[in-house]
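Below is one structure, written out as structure tokens, with a few remarks after it.
None of the figures in this text is laboratory data; all of them are computed from the coordinates on show. Nothing here was measured: the structure is a model prediction, and the numbers come from that model. Every residue, glycine as well, gets a Cβ built from its backbone with ideal geometry; the counts of neighbours run over all protein chains shown.
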Amino acid sequence: MKFGLFYEISVPRPWDRETEKRVYDNCFEQVILADELGFDQVWAVEHHFLEEYSHCSAPEIFLTACAMKTRNIRVGHGIIVCVPQFNHPIKIAERTATMDIVSGGRLEVGTGRSATWTELGGFGVNPDETKKTWDEIVHCLPKMWTQERFGYEGRSWSMPVRTIIPKPYQKPHPPLWVAVTSPGTEIDAAERGMGSLGLTFGSFKEQGEKVKNYRRIIRNCEPVGEFINEKVSTANFLYCHEETEKGVKNGRRLLGTFNFLAAQLLACREAFPTKSYPSLGLLPTLRQEAAGPGDDSGVPEGIAIGDPERVLRACKNWESVGVDRINFLINALETIPQQDVLESLRTFARHVMPHFRDEQQAAAAAGGR
Amino acid sequence: MPPRLGKLDSKEFAAKYAREILGYKTEPWTLKKAQILNFNHEIDDDLGDDLLPRTMHPSIPAYATFTIVACPESPVGAFSFGEVKIAGRAGVRPRDFVLRSFCDSEAARRELAQRWGYPSTPGQVKLTTRHDRIIGRVAVEGRAVLEMEMLDRDLIAGNDIQYIASMHLARNKEDGQLVLVQVDPEFVFSRAERGRPILRTLDNAAWGDERGRLKLRNPISISYAVADIALPRIRYICDPERPAFQGTTKVAA
């Protein structure tokens with residue numbers, strides 16, 4: 001089990017220049033601390049126009065800065081919206097290779113297609129097309145990274161033969177992931193030999209089924225890349241405090257704020273009838289979680305909120321259903337004061353991470369990363 | 001800073017358009033084989049806030065929904081109605097606020113208002129299906145107040161369509177309270193289509209928007225469906241002056 005941070009970078013109104021700068025600075029401080037504490041990765045989403053919810057429209061810049069400020073933590077560019085109107089595939093290949101070089105081979109690449117009308121409508125994208133363009137791009141990307149010369153004639157995009165440079169520092173290339181929100185996307189990930197990057201905050205049972213399915217299918221996959229990334233990651237909230245009451249209270253505030261922000265977005269399915277988006281994205285899962293079984297504290301099952309013992313239990317449960325990595329959302333709208341966020345990370349590292357360290361060291365000794 | 005919430009003056013709006021509801025204990029209705037034409041259209045964000053009650057907060061981006069429904073069967077016979085709704089959120093749930101509704105049957109207007117608080121007033125409503133298009137028209141005293149079309153009809157599946165539950169500003173006859181009544185129908189689809197949307201006429205003032213706050217921006221989608229609509233018992237009401245998190249009351253299981 002490895003742990004990481006997961007950034008939407010939500011910024012409360014009013015948006016004067018100091019607010020956005022302060023939020024970004026706080027994120028950098030958190031990432032630097034996470035690196036020192038032994039967290040394995042930091043992920044940043046790509047979102048556009050999602051006011052307050054996510055001011056992270058240029059994650060490659062944010063992550064590059066993170067890499068420059070840290071030594072070990074891996075940087076997860078995810079997900080990159082694999083829709084040509086958002087990101088031209090050549091630019092995706094070039095910019096990820098550059099990030100991999102400047103970070104010294106610490107890049108992870110998450111892929112996806114956006115789930116909101118807010119974004120798809122903003123870029124003038126037909127929602128029916130996004131799964132198809134994603135599929136084309138993920139099949140091209142490893143070739144663009146590894147072949148000296150590359151040309152392509154496809155359905156959503158084409159290019160004559162050119163030399164796409166630079167090439168990634170990691171050989172053969174960085175690990176590839178797929179954002180899994182819609183039901184069945186874990187199958188898409190498995191069939192292509194890509195990691196499953198869970199971005200919903202689902203229940204153990206639901207995730208356990210998805211993991212089983214994923215592991216079964218990936219055995220017979222046709223990898224898009226030059227290696228199979230058989231890893232399952234899930235997203236979670238984190239607020240860890242030695243005093244149970246404070247841990248639960250602050251954690252629930254974080255949870256409630258995030259759920260409220262997510263609810264304001266216009267899910268593609270809500271406004272545009274299409275087979276391409278069978279679920280509303282994050283929201284139904286969040287609602288289910290909010291209403292789902294919790295313990296006496298009222299915290300939904302599996303959410304890493306509360307005292308270290310409770311947070312440890314949640315992480316161990318995720319591990320037991322086959323999850324390899326948990327990426328934590330640690331603040332929303334700055335609702336938790338920065339010093340408390342940092343202290344929560346320290347408390348987690350002090351009391352929870354050691355329970356997983358031996359396994360990580362054992363894996364490293366056996367040749368794992 | 002508090003989140004963006006609607007800014008509608010509910011009392012002023014209700015004085016003009018709200019109907020009386022006879023308590024919250026209605027029996028459900030089923031409207032068999034109803035035809036539904038539903039057009040989602042982005043609207044100006046800031047102005048749109050003026051058309052949402054303070055209970056709700058806007059979606060991002062703001063959008064309006066124009067709906068015309070023709071019901072061949074109901075407990076009061078055939079009727080058709082058209083409505084204009086502003087999309088929003090009640091807490092974390094997507095909900096549409098019905099600005100106004102026109103209906104061509106007096107019996108249906110009375111029942112829809114008394115049972116579910118629909119703000120229905122008299123109007124002529126027509127849904128016409130042709131091979132190349134579906135045409136919806138709402139008129140008041142012969143003058144069109146809403147005209148829309150769905151061109152290039154394309155079959156889809158019923159579960160590709162997501163309708164949003166609606167909120168009706170109504171006065172409860174039992175206690176005189178002004179409330180937002182939530183109505184969350186269920187749909188069983190027998191046909192579903194989508195196409196290219198055209199909005200030909202929208203008379204803002206006729207729909208309760210005398211100050212022109214509903215400014216159209218980017219069209220999103222139009223769909224047509226044939227479905228059995230189950231109008232349920234009322235489950236929740238909200239205080240129109242308080243955010244849904246604080247002002248929602250459960251009235252039935």
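Could you tell me what % of all Cα pairs in region B:117-189 have separations over 21 Å?
For region B:117-189, the share of Cα pairs beyond 21 Å comes to 54 percent.
What per residue convex hull volume, in Å³, comes out for chain B when only alpha-carbon positions are used?
119 Å³
Residue separation times 0.36 nm, minus the C-alpha to C-alpha distance between A:Lys171 and A:Glu29: what's the value?
48.1 nm
Testing the spin-label approximation: label points 7 Å from Cα along Cα→Cβ at B:Asp175 and A:Phe227. State their distance in nm.
Taking the simple label geometry, B:Asp175 and A:Phe227 are separated by 6.6 nm.
Which of B:His41, A:His48, A:His88 comes first, and how do the rest follow, when ranked by fewest Cβ neighbours within 10 Å?
Exposure proxy ranking, most exposed first: A:His88, A:His48, B:His41.
What residues from region B:236-253 fall in the zone where the backbone N is under 14 Å from a label point 7 Å along the Cα-to-C-beta line of B:Lys11?
The answer is B:240-242.
Among the lysines, which fall within straight-line cross-link reach of B:Lys85, defined as a Cα-Cα distance under 16 Å, with same-chain neighbours fewer than 8 residues apart omitted?
Straight-distance partners of B:Lys85: B:Lys7, B:Lys215.
Against the longest principal axis of chain A, how steep is helix A:204-218, in degrees 0 to 90 to the nearest 10, with axes from Cα atoms?
30 degrees
On average over all directions, what projected area in square nanometres does region B:89-132 have, based on the convex hull of its Cα atoms?
Reported value for the Cα convex hull: 5.1 nm².
Can you compute the helix-only [θ] at 222 nm over chain A? Use -39500 (n - 2.57) per DSSP H run of at least 4 residues, normalise by all residues, nearest 500 deg cm²/dmol.
Theoretical 222 nm ellipticity from helices: -14000 deg cm²/dmol.
Can you pull out the GluC sites (Glu not before Pro) in region A:164-234 that DSSP calls coil and that have at most 15 other Cβ atoms within 10 Å?
For GluC sites (Glu not before Pro) across region A:164-234 that sit outside H, G, I, E and B with at most 15 neighbouring Cβ atoms in 10 Å, the list reads A:Glu226.
Can you tell me how much longer the chain between A:Asp128 and A:Lys249 gets when fully stretched, taken as 0.36 nm per residue apart minus their C-alpha distance, in nm with one decimal?
This chain segment gains 39.4 nm when fully extended.
For chain B, modelled as a Gaussian network with Cα springs under 10 Å, which listed residue fluctuates most, B:Ser166, B:Ser59, B:Ser101?
Comparing B:Ser166, B:Ser59, B:Ser101 in the GNM, the peak value goes to B:Ser59.
Which whole-number value in Å³ per residue fits the convex hull of the alpha carbons of region A:2-365?
Dividing the Cα hull volume of region A:2-365 by its residues yields 131 Å³.
May I ask you to derive the FRET efficiency for A:Arg22 and B:Arg200 from their Cβ-Cβ distance with R0 = 60 Å, giving the value to the nearest 0.05?
Rounded to the nearest 0.05, the efficiency is 0.75.
Could you compute the net charge surrounding A:Arg269? Neighbours are other residues with a C-beta less than 14 Å from the C-beta of A:Arg269; K and R count +1, D and E count -1.
Net charge in that neighbourhood comes out at 0.
Give me A:Met68, A:Met99 sorted ascending by neighbouring Cβ count inside 10 Å, so fewest comes first.
Lowest to highest Cβ neighbour count: A:Met68, A:Met99.
In degrees, nearest 10, range 0 to 90: what is the angle between the Cα axis of helix A:130-146 and the longest Cα principal axis of chain A?
80 degrees
With Kirkwood's inverse mean 1/r over C-alpha pairs for Rh, give me the Rg to Rh ratio of the protein assembly as shown, two decimals please.
1.00
Could you tell me which of B:Val125, A:Phe356, A:Pro337 has its Cα farthest along the dipole of the protein assembly as shown towards the positive end, charges placed at Cβ (Lys, Arg +1; Asp, Glu -1), taken about the Cα centre?
Going by the charge dipole, the pick is B:Val125.
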